[in-house]
1. Go through 40, 54 for me and flag whichever is small (Gly, Ala, Ser) and either modelled with pLDDT of 95 or more or touching a Pro at 6+ places or on another chain (Cβ under 7 Å) (or both).
2. Here are some residues: 215, 225, 231. Which one is farther than 21 Å from residue 87 by Cα and in contact (Cβ under 8 Å) with a residue 12 or more places away in the chain?
3. Please pick out the residue among 26, 73 that is touching a Gly at 6+ places or on another chain (Cβ under 7 Å), under 19 Å from residue 113 (Cα atoms) and either surrounded by fewer than 18 Cβ atoms within 10 Å (Cβ to Cβ) or free of Cβ contacts under 8 Å to residues at least 24 places away in the same chain (or both).
4. Quick one: would you say residue 124 is in contact (Cβ under 8 Å) with a residue 12 or more places away in the chain and surrounded by fewer than 17 Cβ atoms within 10 Å (Cβ to Cβ)?
5. For the list (1) in a loop (DSSP other than H, G, I, E, B); (2) crowded, with 19+ Cβ neighbours inside 10 Å, I need the number of the one condition that residue 92 fails.
6. How many residues does the range 186-228 hold that are closer than 23 Å to residue 172 by Cα and part of a loop (DSSP other than H, G, I, E, B)?
7. Can you find even one residue in the range 12-23 that is modelled with pLDDT under 95, touching a strand residue (DSSP E or B) at 6+ places or on another chain (Cβ under 6 Å) and at negative phi?
Amino acid sequence: MTIRDSAVHAAKKFIEQYFPVAEVVFLAGSIVRGEATESSDLDIIVFDGSLDHSYRKSFVEFGWPIEVFVHSFHTYKDFFKENRDRARPSLPQMCAEGIILKDNGRAASIKNEALALLKRGPLPWKSKEVDSARYEITNLLDDLEGSTNPAEDLFTVSRLAAKIHEFVLRVNGCWIGEGKWIVRALKEFNEEFAECFVSIFDEYYKTRQKHRVIGFADNVLKPYGGRLFEGYSIGKSRPKE
C-alpha cells in the first residue's frame with residue numbers, strides 16, 4: 001500500500017469514527033500533492049450542514065497526526081473571503097486540491113468555487129498599501145545598515161525576507177505564503193526570482209554579509225519609487241491652531 005493509499009484509508013476510518021454525519025469531506029495537504037515526509041499529517045476538511053460555526057481540532061489516530069478543519073456550508077464562505085482579504089488562500093487551496101472522501105452532491109461546487117477564487121487572485125493593493133510596505137522595508141533596511149549587532153541583524157533580515165516576498169507578490173497580484181509556503185509562492189510567481197531570493201538570504205545566513213541583501217531589497221523597491229521615509233504619513237495631521 002502506498003503512503004497515499006494508507007492516508008486515504010486512515011482518513012476514511014477517522015471520518016467514520018469522529019464525523020459520521022459529515023456531508024462533504026476532503027483530504028488535502030502534502031499527502032495529496034505527493035510531497036509527504038516522515039512528519040506529514042493529514043489535513044481533512046469536513047462540511048457539516050447542521051453546524052452554525054467552524055472550528056479546527058488536532059488528533060493522533062490510525063497512525064497519523066490529523067488536522068481537521070470543520071465548517072458549515074456558510075462558514076467556509078466567510079473563510080474564503082478572509083483568505084482572499086489577507087492574500088493567503090489556505091482553505092481554498094485545500095478544497096481545490098483535496099481528494100473527495102465523502103459527498104452529498106455539493107463537493108464539486110465547493111471545489112469549483114475554490115478554483116475560481118484561486119484563479120481570481122487576492123484583492124489588488126492600492127497605492128497606500130504599496131507605500132506602507134515601502135516604508136516598512138525602508139525602516140528595516142535603515143536598521144540593518146546602521147546595526148553593529150549581528151544577533152539583532154538575524155531577526156531584521158528574517159523580517160526583511162518576509163516583507164520582500166510579500167511586496168513582490170502583492171504588487172504583482174499574486175497570493176503570498178507563510179513559513180515554507182513563502183518559497184513555494186515565489187516559485188509559482190517566478191522560478192528565477194525565487195532562486196535569486198533563496199540564494200541571497202542563504203548567503204547572508206552563511207556569511208553574515210549584508211550588502212547583497214540590501215542591494216536586492218533596493219532593486220525590488222526601485223520600480224515603485226525606491227525607499228520611502230520623508231513625507232510618509234498615516235492618518236491625517238491635525239491643523240495648526
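1. Sole residue among the options that is small (Gly, Ala, Ser) and either modelled with pLDDT of 95 or more or touching a Pro at 6+ places or on another chain (Cβ under 7 Å) (or both): 54.
2. 225
3. Step by step, each of 26, 73 is checked, and only 73 is touching a Gly at 6+ places or on another chain (Cβ under 7 Å), under 19 Å from residue 113 (Cα atoms) and either surrounded by fewer than 18 Cβ atoms within 10 Å (Cβ to Cβ) or free of Cβ contacts under 8 Å to residues at least 24 places away in the same chain (or both).
4. Against the criterion (in contact (Cβ under 8 Å) with a residue 12 or more places away in the chain and surrounded by fewer than 17 Cβ atoms within 10 Å (Cβ to Cβ)), residue 124 qualifies.
5. (1)
6. The number of residues fulfilling the criteria is 5.
7. Looking for residues that are modelled with pLDDT under 95, touching a strand residue (DSSP E or B) at 6+ places or on another chain (Cβ under 6 Å) and at negative phi, one finds none in the range 12-23, hence no.
Residue-wise test of (1) surrounded by 19 or more Cβ atoms within 10 Å (Cβ to Cβ); (2) of a type in the set (A, V, I, L, M); (3) at pLDDT 95 or above; (4) not assigned by TED's automatic domain parsing to the domain that holds residue 79.
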| site | (1), (2), (3), (4) |
| --- | --- |
| 101 | yes, yes, yes, no |
| 104 | no, no, yes, no |
| 107 | yes, yes, yes, no |
| 110 | yes, yes, yes, no |
| 113 | no, no, yes, no |
| 133 | yes, yes, yes, yes |
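The values are calculated or read from the model by the stated rules, or taken from the named source; none is laboratory data. Because the structure is predicted, anything quoted here is derived from the model rather than measured. Glycine also receives a Cβ, built like all others from the backbone with ideal geometry; neighbour counts cover every protein chain displayed.
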